[in-house]
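Below is one structure; the comments refer to it alone.
The values are calculated or read from the model by the stated rules, or taken from the named source; none is laboratory data. Quick caveat, the model's predicted, so the values are computed rather than measured. With ideal geometry, Cβ positions are generated from the backbone for all residues, glycine too; neighbour counts draw on all protein chains shown.
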Amino acid sequence: MRSYRVRAREHTPERLVEELFCWTHKNDLRGPHDLLHLSINIGPMTSGNHYDYVIVGAGSAGCVLANRLSADGTTRVALLEAGGRDTNPWIHVPVGYFKTIHNPNTDWCYVTEPDPGLGGRQLKWPRGKVLGGSSSINGLLYVRGQREDYDRWAELGCEGWSYQDVLPYFRRAENQTRGEDEYHGVDGPLRVSNMSFVRPICDDFIAGVEATGTPRNDDINGEEQEGVGYYQLTAHKGRRCSSAVAYLKPARARPNLDIITKAMVHRIVCENGKAVAVDFERKGRRQQIHADAEIVLCAGAIGSPQLLELSGIGDAELLKSHGIPCVADRPAVGENLQDHLQLRAVFKTVLPVTLNDELSNPLQKLKAGLQYLLTRTGPLSMAASQVYAFSRTRLSNRRPDIQYHFQPLSADSPGEGLHPFSAITASVCQLRPESRGHIHIKSADADVHPVITPNYLSTELDCQTAVEALRHVRQVMASGPMQAHIKETLLPDPAAEDDDALLLEARRIANTIYHPAGTCRMGADADSVLDPRLRVRGVERLRVVDASVMPEIVSGNTNAPTIMIAERAADLIKEDAPELQAATRSA
């Protein structure tokens, strides 16, 4: 007797027949003498609709937790994701973010409120709505931040989150192509590889940054971050390594893990101060699943505070205004919003040495496509940026306060196509903004996006840093290695010279670089949303694990730190499990 198992709830009847046909063909079943035992699992592989852990959101953090918490084979885990499976081929092609960002099939397509700091402009805020979350649509750049970021968290009372505390979790997550050392690991599921797509003008930009005083540094995730060089990517053999690929794919077949896509969570059900169930909608039907141990929110810096407020956890007056019963009065939910704001400097080049030229006609695009299909190299294998620079403006004497994302191309935004002329882009952002915004629900309806108010450039330091950053870009472009390339400055306006004019330009051209964080901050103080073990204050059996927990944003891209947070959270959850089980028995 041969067995075939499939979870029917993940497939249409047609898909079931197709899989069964393929299985019988593969196993060479030819006649009635071969007995086929078909086991179709229609419901979750648990006792009823109860799990030990229910994870909301299959993004950078949720996929990590689903893997780590189900690894023992006995703990029952459910992973809920509002988006679909990561079957869109553009997800796995590194340059595919041009197709997945602003695509409602893979992106929540959030939009901010008009921001006074940007002259009243509204910004699009892409966030992943698919298995892998934003790690499936991001720019693939592997950046950890600075050791001082995590030591600062510890200074703020977040015990266990210093750099020495978190470094082992960065190493545990990582499979580093360069090999193992004090700062890097090789046994983790997250593939980290070198940049394979480079162009000579990138080397000239590196030399230009060096000419301004920033040293060459080939490992910004090692001993020191300051320096200029080529980014490393979360990719393997020319394909994106999202958290779904790294963590979820190896765990999908576990019978104690159920992955439920297209599940729009409406609220966390709380009883007697405890989170007990998740209320969600799937295929037009409202459902509930229960957590016997804990519920973990991994819905991101936008989704997690929204779900807390929809569940009655937030500012009591705000909840009352929307007719939501207050479970826990936590005014800090949704506050402390931080983001990195990029200033895109765009320059036309003298010679056709940019990607705009390489992909300027259909035949060249076809050539690039064939190159990728045959070798997994070429323009389609590139990340959102090729060169980093972590530099210090004259406002910072101790450590880098700005970050560059250099690209040998130019476009108005991802998804809108390249410009029809030769040009390069040097985006620069402030690493540790002081400006704080907030995210709050505008309706008790989970389908209505929350109000996103970033409050960009609302402090004196942020305004000064924006001005200094633009001056720094001009200094790099005026250096010997780059000067010969520049034909014309498109952004910022070359007529803007004094501080006031440059600040106006910053407000005009600035855009998000897609790093929202901090809206469910952890801390030792009673006003924090979470304690340092990421447990929601005032509600038992409920945690938040994603970029929203950061008390202060890290000095760099946020995907790798979010994965680290989830790796550490998995240990915290398992450490607390015996205590939780004892409390359950006594209750």
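Some values worked out for this structure:
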| quantity | calculated |
| --- | --- |
| Residues located in region 71-105, provided they are surrounded by fewer than 24 Cβ atoms within 10 Å (Cβ to Cβ), in contact (Cβ under 8 Å) with a residue 24 or more places away in the chain and more than 24 Å from residue 513 (Cα to Cα) | 71, 73, 74, 75, 76, 84, 85 |
| Residue ID - farthest from the chain's Cα centre (by Cα), chosen from residues in region 91-118 that are aliphatic (A, V, I, L, M), within 10 Å of residue 138 (Cα to Cα) and not in a loop (DSSP other than H, G, I, E, B) | 95 |
| Residue in region 254-263 that is within 20 Å of residue 100 (Cβ to Cβ), within 23 Å of the chain's Cα centre (by Cα) and surrounded by fewer than 16 Cβ atoms within 10 Å (Cβ to Cβ) present | yes |
| Qualifying positions in region 367-397 - in contact (Cβ under 8 Å) with a residue 24 or more places away in the chain, surrounded by fewer than 17 Cβ atoms within 10 Å (Cβ to Cβ) and over 24 Å from residue 204 (Cα atoms) | 375, 395 |
| In region 170-193, residue nearest to residue 565 (Cα to Cα) [restricted to those that are in contact (Cβ under 8 Å) with a residue 60 or more places away in the chain and of a type in the set (A, V, I, L, M)] | 173 |
| Checklist (1) under 24 Å from the mean Cα position of the chain (by Cα); (2) buried (at least 19 other Cβ atoms within 10 Å of the Cβ); (3) on the phi < 0 side of the Ramachandran plot applied to residue 238, failing item | (3) |
| Residue list for region 119-148, filter: more than 27 Å from residue 218 (Cβ to Cβ) and either assigned to a loop (DSSP other than H, G, I, E, B) or touching a His at 6+ places or on another chain (Cβ under 8 Å) (or both) | 119, 120, 122, 123, 124, 126, 127, 129, 131, 132, 137 |
| Conditions (1) buried (at least 18 other Cβ atoms within 10 Å of the Cβ); (2) within 20 Å of residue 513 (Cβ to Cβ): number failed by residue 450 | (2) |
| Boolean, residue 172 is assigned to a helix (DSSP H, G or I) and surrounded by fewer than 20 Cβ atoms within 10 Å (Cβ to Cβ) | yes |
| Selection count where residues are more than 23 Å from residue 450 (Cβ to Cβ) and not in a loop (DSSP other than H, G, I, E, B), scope region 58-78 | 10 |
| The lone exception for residue 85 - which of (1) touching a Gly at 6+ places or on another chain (Cβ under 6 Å); (2) more than 30 Å from residue 436 (Cβ to Cβ); (3) among the basic types (Lys, Arg) it fails | (1) |
| Residue in region 313-335 that is out of contact with any helix residue (DSSP H, G or I) (no Cβ under 9 Å at 6 or more places or on another chain) and either crowded, with 24+ Cβ neighbours inside 10 Å or within 16 Å of residue 425 (Cβ to Cβ) (or both) present | no |
| Enumerated strands (runs of 3 or more DSSP E) restricted to region 414-458, each holding at least 3 residues that are modelled with pLDDT under 95 and within 30 Å of residue 358 (Cα to Cα) | none |
| Counted residues, region 205-226 - those being assigned to a helix (DSSP H, G or I), in contact (Cβ under 8 Å) with a residue 24 or more places away in the chain and surrounded by fewer than 21 Cβ atoms within 10 Å (Cβ to Cβ) | 2 |
| Subset of region 109-133 [farther than 13 Å from residue 512 by Cβ and either surrounded by 20 or more Cβ atoms within 10 Å (Cβ to Cβ) or out of contact with any strand residue (DSSP E or B) (no Cβ under 8 Å at 6 or more places or on another chain) (or both)] | 116, 119, 120, 128, 129, 130, 131, 132, 133 |
| One residue from 432, 436, 471 being buried (at least 19 other Cβ atoms within 10 Å of the Cβ), within 30 Å of residue 149 (Cα to Cα) and basic (Lys, Arg) | 432 |
| Qualifying positions in region 151-169 - surrounded by 24 or more Cβ atoms within 10 Å (Cβ to Cβ) and either without any contact (Cβ under 8 Å) to a residue 24 or more places away in the chain or touching a strand residue (DSSP E or B) at 6+ places or on another chain (Cβ under 6 Å) (or both) | 158 |
| Residues satisfying the stated conditions in region 336-366, i.e. basic (Lys, Arg) and in contact (Cβ under 8 Å) with a residue 12 or more places away in the chain | 344, 348 |
| The listed residue being over 27 Å from residue 191 (Cβ atoms), touching a residue at least 40 places away in the same chain (Cβ under 8 Å) and in contact with a Lys or Arg (Cβ under 8 Å, 6 or more places away or on another chain), out of 295, 268, 260, 289 | 295 |
| Where residue 478 falls short, out of the listed (1) among the small types (Gly, Ala, Ser); (2) in contact with a helix residue (DSSP H, G or I) (Cβ under 7 Å, 6 or more places away or on another chain); (3) without any contact (Cβ under 8 Å) to a residue 40 or more places away in the chain | (2) |
| Options 490, 534, 572, 503; residue that is touching a helix residue (DSSP H, G or I) at 6+ places or on another chain (Cβ under 7 Å), modelled with pLDDT of 95 or more and surrounded by fewer than 24 Cβ atoms within 10 Å (Cβ to Cβ) | 503 |
